Amino acid sequence: CVIISGESGAGKTVAAKYIMGYISKVSGGGEKVQHVKDIILQSNPLLEAFGNAKTVRNNNSSRFGKYFEIQFSRGGEPDGGKISNFLLEK
């Protein structure tokens, strides 16, 4: 379990990207596993497109929280996942 928290502009989104990139690099797998990794990594720009805004402190501030759940096989390879958004500002 990894929890990332901090003040606005502290780099939480960047830290989450690094963690997901690391998991993608160190886990092996074939075509199916690569497909799961691609979906997980490509979901972030989509969420940011609809959930980020310019603020006084940050030009690309996340205006929502997200819960990422990545499921792993017994061999340690990502084989599924779930993303839940919450606290989305109106």
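If you take all other residues with their beta carbon under 15 Å from the beta carbon of Ser73, and give Lys and Arg +1 and Asp and Glu -1, the sum is -1. Charged neighbours of His35, selected by a Cβ distance under 15 Å, balance to -2 (K, R count +1; D, E count -1). Using the Cβ of Asn60 as centre and a radius below 14 Å, the other residues enclosed give a net charge of +4, where K and R count +1 and D and E count -1.
Counting lysine pairs in the range 12-86 that sit 8 or more residues apart in sequence, or on different chains, and whose Cα atoms lie under 24 Å apart gives 19.
Here the chain was treated as a single set of alpha-carbon atoms; its pair distances binned every 5 Å from 0 give 2, 12, 23, 24, 17, 11, 7, 3, 1, 0 percent.
Dipole magnitude for the range 12-86: about 360 debye, using +1 per Lys or Arg Cβ and -1 per Asp or Glu Cβ, origin at the Cα centre. Computed over the chain, relative contact order equals 24 percent, with contacts defined as Cα pairs under 8 Å that lie 6+ residues apart.
Computed from the coordinates by the stated procedures, all read-outs in this text should not be read as laboratory data. Here the structure is a predicted model, which is why all the values come from computation and not from measurement. Note: ideal-geometry Cβ built from the backbone for every residue, glycine included; neighbour counts use all protein chains shown.
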